[in-house]
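The values are calculated or read from the model by the stated rules, or taken from the named source; none is laboratory data. Keep in mind the model is a prediction, meaning the values are calculated, not measured. A quick note on method: Cβ atoms are made from the backbone with ideal geometry, for glycine too, and the neighbour counts reach across all protein chains shown. Surface accessibility is based on the protein's heavy atoms, side chains included, excluding ligands, DNA and RNA. Shrake-Rupley method; radii C 1.70, N 1.55, O 1.52, S 1.80 Å.
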Amino acid sequence: MRYPSDREIEEAKDYIRQRLQAEKSMGRNLRTAMLRAAERIISISHKYGIPPKMFRFSLDLNLKHEVEAVISDLRATIEDYTSTLSVATHNDKEEEILAYITRNSYGKTFGERNAIYANRYKYELEAAIAASMLAGTSKAATLQLISKNLEHPYDNPDFIEAVKAGDMNATRIRTDSISYGIGRTNSSFTALRNLTVFAVAEGWMKYWYLSGTEKGAKGFITFRSSSFPCQTCDEYAMRTHPMSDPYPPLHNNCVCGMAFIY
Ligand SMILES: [Zn+2]
């Protein structure tokens, strides 16, 4: 058995630094794409002249279709960014990487989760737009409020005021398909960021794993690149692993790396 040399550990660490750049880029691009969709939907919504208290996308079939088209576009864009950043420059293994990140995991595929969260975003936008209409907020300021509250859409001051005013169709928080339990992701942006950033990390680690396999690795060790307290990753890093063991990322925001044993 040959354990990783210092140089090999350094290479593995450098790889994690590059992976983190791709993850950050994913988060930035996601935010931009979501706000671009919001801007389009605000503009569409104002064309129909629906009274704020009654406002729902579904109130007018054309409005509903126009909004659905933007959301569908957003889903495709998110999928596109995620694939691009997961594969990065590792085109020789593109097929394996994409198969890995889109596999069924805990009962759902990437595409299914993307659709659920994008749909949740649609309802967040509906509530924010109706609330801002009621407050008489301009389109540009509506977008700014959505942007500022992307991580916590129901802290939007227009939304809070609209709920106080009561009797609005769009601001009744829907309980279908939304879980607001303690510790659960409470915005579609956070859910989508977790989903896509994790997929990017997985894509990079799949490539690293395949490279190790091709070089004849018999096992691996993991190391942590974050000082965030995590018992799972601490314990994982203290053992050697056969190639058949799960490899990082072990959970959302896991920045562990791996070096191979030959
Ligand atoms: Zn970790």
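Among residues of the range 1-28 that are under 21 Å from SER83 (Cβ atoms), those with a beta-carbon under 7 Å from a residue that is among the aromatic types (Phe, Trp, Tyr) at least six positions away or on a different chain give the pairs TYR15/TRP208; ARG19/TRP204; ALA22/TRP204; MET26/TYR81.
Residues are listed down the side, and each one gets a yes or a no for (1) part of a helix (DSSP H, G or I); (2) open to solvent by less than 20 Å² (accessible area, probe 1.4 Å); (3) closer than 13 Å to ALA38 by Cα:
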position: THR82; (1), (2), (3): yes, yes, no
position: LYS93; (1), (2), (3): yes, no, no
position: ILE97; (1), (2), (3): yes, yes, no
position: GLU124; (1), (2), (3): yes, yes, yes
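The rows are residues; the columns are (1) within 16 Å of the ligand (Cβ to nearest atom); (2) surrounded by 19 or more Cβ atoms within 10 Å (Cβ to Cβ); (3) in contact (Cβ under 8 Å) with a residue 24 or more places away in the chain.
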| site | (1), (2), (3) |
| --- | --- |
| ASN186 | no, no, yes |
| ASN194 | yes, no, yes |
| TYR207 | no, yes, yes |
| LYS215 | no, no, yes |
| GLU235 | yes, no, no |
| MET243 | no, no, yes |
| PHE260 | no, yes, yes |
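Which count do you get for residues in the range 217-233 that are open to solvent by 30 Å² or more (accessible area, probe 1.4 Å) and either touching a His at 6+ places or on another chain (Cβ under 9 Å) or near the ligand (Cβ under 9 Å from one of its atoms) (or both)? Adding up the residues that qualify gives 6.
Inspection of the range 8-28 finds a residue satisfying the criterion of being closer than 19 Å to ILE146 by Cβ and open to solvent by less than 70 Å² (accessible area, probe 1.4 Å).
Taken across the range 51-65, residues that are under 23 Å from GLY111 (Cβ atoms), free of Cβ contacts under 8 Å to residues at least 12 places away in the same chain and open to solvent by 50 Å² or more (accessible area, probe 1.4 Å) do occur, with at least one present. Comparison of LYS47, LYS93 shows that the only residue that is basic (Lys, Arg), more than 27 Å from ARG120 (Cβ to Cβ) and at pLDDT 95 or above is LYS93. Kindly evaluate GLU214 against the criterion of being within 25 Å of MET243 (Cβ to Cβ) and modelled with pLDDT of 90 or more. Against the criterion (within 25 Å of MET243 (Cβ to Cβ) and modelled with pLDDT of 90 or more), GLU214 qualifies. Applying the condition of being aliphatic (A, V, I, L, M) and farther than 17 Å from PHE57 by Cα to the range 126-142 and asking which residue is surrounded by the fewest Cβ atoms within 10 Å (Cβ to Cβ) yields ALA140.
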